[in-house]
Amino acid sequence: VDLSDNIAMYYLVFAIFCFGFFVIYRAIHSPFGQILKAIRENEPRAISLGYDVNKFKLIAFIISAALAGMAGATKTLVFQLASLTDVHWHASGEVVLMTLLGGLGTILGPIVGAATIVALQTQLASVEASAEYQANDPATVALAASLREQILVEQERKTFVDIEDGY
């Protein structure tokens, strides 16, 4: 497959996405998925039913790691680079934000959240705001002033508590 063609690359990424989605869907709707739900809801009860909870957690972790690795490999294939920003905590936080925005406990929620976040990033990246405008923006000035006030109040409270405690 010639991956220099955008259409071929799109269909390859779409096929990889569909495969990953299928794996997740089948895992959730299988007896394995039902056992994971039982472990999530009441781990001691799952143990008392005779399930090796640690084994099921390990298998779930392995599936999760394989899907994350496949996603990372696909991103590297599309962008033709892997930068250090991909392993920064911000990348993990972005995935959690996508999941929370789309909805926990749903299979389509993270997809909707990811589409929303990517669309917002794309739209906001095209908005050009000069540093001079941002520095003189009344909302930015008010936010900085309120944060400064909160920091000073917290510092005074901490100093007062330290004096009471004899430090």
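What follows draws every value from the coordinates through simple rules; no lab data is involved. It should be emphasised that the depicted structure is a prediction, and the values quoted were computed from it without experimental measurement. Don't worry about glycine lacking a Cβ; one is built from the backbone with ideal geometry, like all the others, and counts go over all protein chains shown.
At 0.36 nm per residue, and after removing the present C-alpha to C-alpha distance, how many nm does the segment from Ala115 to Phe79 gain when stretched out fully?
Residue separation times 0.36 nm, minus the Cα-Cα distance, leaves 11.2 nm.
Note on Ala65 and His29: their simple-model spin labels are 2.9 nm apart, each label 7 Å out from Cα toward Cβ. In this rough spin-label picture, where each label sits 7 Å from Cα along the Cβ direction, the Val87-Ile107 distance is 3.4 nm.
At R0 = 22 Å, how high is the FRET efficiency between Val95 and Asn42 if r is their beta carbon distance? Nearest 0.05 is fine. The computed FRET efficiency comes out at 0.20.
Counted over the stretch 1-103 with a bin width of 10 Å, the fraction of Cα pairs per bin, in whole percents, is 12, 32, 33, 17, 5, 1. Spin-label model, Asp2/Thr122: points 7 Å from Cα along the beta carbon direction are separated by 2.6 nm. Computing FRET efficiency as 1/(1 + (r/R0)^6) for Leu58 and Tyr10, where r is the C-beta to C-beta distance and R0 is 45 Å, gives about 0.80.
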